[in-house]
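First the structure, in the form of structure tokens, and then the observations on it.
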Amino acid sequence: MSQFKYWNEINSVVNYNGPITKGPQPRYERKKSNALASSNSQSISNSSSLNLSKQRSLSSSCLSISKTPMKSSDNDPRGKTPLKKSKTPTPHKGTRTPGGDRFIPSRVASNLDLAHYKLCQEDNETSCNSAKKDLKKVISDNLLVNQRVLAYTNKAPTAPDGFQNPMRVLYTQARTPASAKSTRYIPQAPDRILDAPNIVDDFYLNLLDWGSNNILAAALGSHVYLWNAATGTTELLMELEGNDYICSLAWIQEGDCLAVGTTQGTVELWDCSRSKRLRIMDGHSARVGSLAWNSYVVTSGCRSGNILHHDVRQRQHVITTIPGHNQEVCGLTWSPDGKLLASGGNDNTVNIWASVNGGHHSETTPLHSFLQHQAAIKALAWCPWQPHILASGGGTADRHIRIWNCNSGTCVHDIDAKSQVCSLLWSSHYKELVSGHGFANNEVIIWKYPAMTKVAELKGHTARVLHLTMSPDGTTILSAGADETLRLWKCFVKDLVKEKKEGTVRAKPSALRQCIR
């Protein structure tokens with residue numbers, strides 16, 4: 001019998017015409033079974049919707065969570081799911097089910113009226129102590145439904161006297177103006193480098209000056225050269241004989257007259273337009289290291305410490321002789337309005353001299369004497385927009401820049417430059433101060449006034465920067481170093497937009513002229 005059973009099984013496997021008894025369920029049978037299952041589930045859901053009991057509602061919510069039939073079934077041993085584009089409707093496809101990361105509970109069984117009643121009812125239990133009752137009363141008083149939590153009708157209380165807010169800068173910072181946002185470009189390399197052979201490396205001399213005629217006068221040893229900045233031509237003006245050398249130079253405010261101080265104690269006047277010497281003025285017993293003009297009066301400082309005022313129009317040119325310092329006078333400058341004269345000496349003193357009423361020379365008694373510097377003062381510069389403000393710089397032992405208010409005689413600023421201060425200049429276009437330094441940094445620094453913070457550091461000289469001078473248009477600085485080079489720095493270029501606006505305002509005719517025909 002077992003043999004016949006074995007042959008029957010072989011015949012059933014080999015036979016292709018008979019029905020398939022083993023293997024996966026055919027597709028039409030799976031569709032038929034799915035249609036029966038969907039009809040049964042719809043009938044169950046309709047019957048459950050009629051029942052409003054709590055258990056039926058919960059069971060219906062639980063049944064609604066299932067999305068689709070299981071991927072694998074007992075009838076499908078391969079574990080494949082039916083095609084997605086099946087026309088047979090999926091059970092509970094119309095009901096929205098929560099996503100995989102959310103769970104929204106069914107609120108069908110929730111009794112909202114009971115919950116509202118329990119929240120609003122008063123606690124009448126006698127077991128509550130007085131502390132709980134007081135707390136509940138305070139909460140009920142402060143949590144009124146019709147009261148706004150944030151009210152903007154009343155202003156914030158004022159701070160008590162003496163209170164300082166540590167975060168004040170965050171709230172009181174002013175809006176940055178448009179002019180401050182656009183920072184100008186300051187080149188770190190010189191625009192041009194000129195040779196200055198045989199320039200005397202002496203801290204106490206003043207060997208450069210740029211005149212209003214756009215001609216630079218430079219003293220190189222015993223020679224004076226004129227360099228025309230417009231054409232770039234160089235001309236020899238004069239030459240001293242023997243071992244004498246030029247000690248100081250100064251252009252008159254308007255014109256082509258140049259004053260030259262020598263080691264012989266004389267001051268020579270030259271007409272540079274004709275390359276002709278006009279006169280020689282004596283009166284000093286030693287070299288003249290500093291010169292300054294005030295209209296037709298030229299003031300000279302000597303190594304002996306004396307200061308002379310020369311009226312170039314008179315035959316007897318010496319107006320006043322002032323014993324201003326105990327040692328050499330190495331710095332002299334008149335204020336822009338011609339009312340104050342500042343002198344700096346090797347005796348570490350800065351003297352302020354007031355002008356004589358109706359004249360262009362000064363009194364013999366100083367108005368102020370500043371003794372705070374600890375070294376010789378050669379660097380002196382008056383502020384162009386505040387004629388009573390003076391900047392002074394000390395030598396190697398001092399290395400400080402001090403700003404003085406000459407009306408009150410007080411020091412406004414005191415800055416440690418950490419280097420020898422050889423010369424100072426004020427910018428006429430920006431509120432900035434320029435300083436030339438010697439040992440040990442040998443650089444030119446631009447300072448923001450009155451904050452006195454560094455704007456730029458111009459490096460390039462290999463030796464100390466002895467002299468600084470400004471072009472007549474106020475855009476270019478020329479620095480002379482002991483390395484025998486002259487470097488031009490284009491640092492104060494005008495703002496063309498601002499200049500155009502100022503030009504349009506100035507070009508507007510006056511109302512009086514408009515009325516006249």
Q: Determine ³J(HN,Hα), in whole Hz, for all residues of the stretch 409-418 in sequence, where each value follows from phi through the Karplus function 6.51 cos²θ - 1.76 cosθ + 1.60 and θ = phi - 60°; x replaces Gly and Pro.
A: x, 10, 8, 7, 9, 9, 10, 7, 7, 6
**Q.** Surface share of carbon and sulfur [accessible, 1.4 angstrom probe, percent] for the stretch 248-289
**A.** 44
Q) Does the stretch 434-480 come out rounded, prolate or oblate, given a ≥ b ≥ c as the square roots of the eigenvalues of its C-alpha gyration tensor, rounded meaning a/c under 1.5 and, failing that, prolate meaning a/b above b/c? A) oblate
Q) So what are the stretch 409-454's ellipsoid semi-axes, whole angstrom, largest first, if each one is the square root of 5 times an eigenvalue of the alpha-carbon gyration tensor? A) 18, 14, 9
(Q) Could you work out the relative contact order of the stretch 213-291? I mean the mean sequence separation of Cα pairs under 8 Å and 6+ apart, divided by the number of residues, in percent. (A) 22
Q. Rolling a 1.4 angstrom probe over the protein heavy atoms, how many square angstrom per residue are accessible across the stretch 326-409?
A. 36
Q: Leaving ligands, DNA and RNA out of it, rank Asp161, Asp398, Asp113, Asp282 by accessible area with a 1.4 Å probe, largest first.
A: Asp161, Asp113, Asp282, Asp398
Q) Excluding Arg303 itself, what net charge comes from residues whose Cβ is under 15 Å from its Cβ, given Lys and Arg +1 and Asp and Glu -1? A) -3
Q.
Could you compute the net charge surrounding Glu484? Neighbours are other residues with a C-beta less than 14 Å from the C-beta of Glu484; K and R count +1, D and E count -1.
A. -2
Q: Grab the other residues whose beta carbon is less than 13 angstrom from that of Asp202, score K and R as +1, D and E as -1, and report the net.
A: +2
(Q) Checking the table Lys339/Lys454; Lys418/Lys448; Lys378/Lys448; Lys339/Lys490; Lys5/Lys32; Lys418/Lys490 against a 29 Å threshold on Cα-Cα, which pairs fail? (A) Lys339/Lys454; Lys339/Lys490; Lys5/Lys32
Q) With every protein chain present, what accessible area does Leu119 have (1.4 Å probe, heavy atoms only), rounded to the nearest 10 Å²? A) 150
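The values are calculated or read from the model by the stated rules, or taken from the named source; none is laboratory data. It should be emphasised that the depicted structure is a prediction, and the values quoted were computed from it without experimental measurement. All Cβ positions, glycine included, derive from the backbone under ideal geometry; neighbour counts span all protein chains shown. Areas reflect the complete protein model, heavy atoms only, side chains present, ligands, DNA and RNA absent. Shrake-Rupley method; radii C 1.70, N 1.55, O 1.52, S 1.80 Å.
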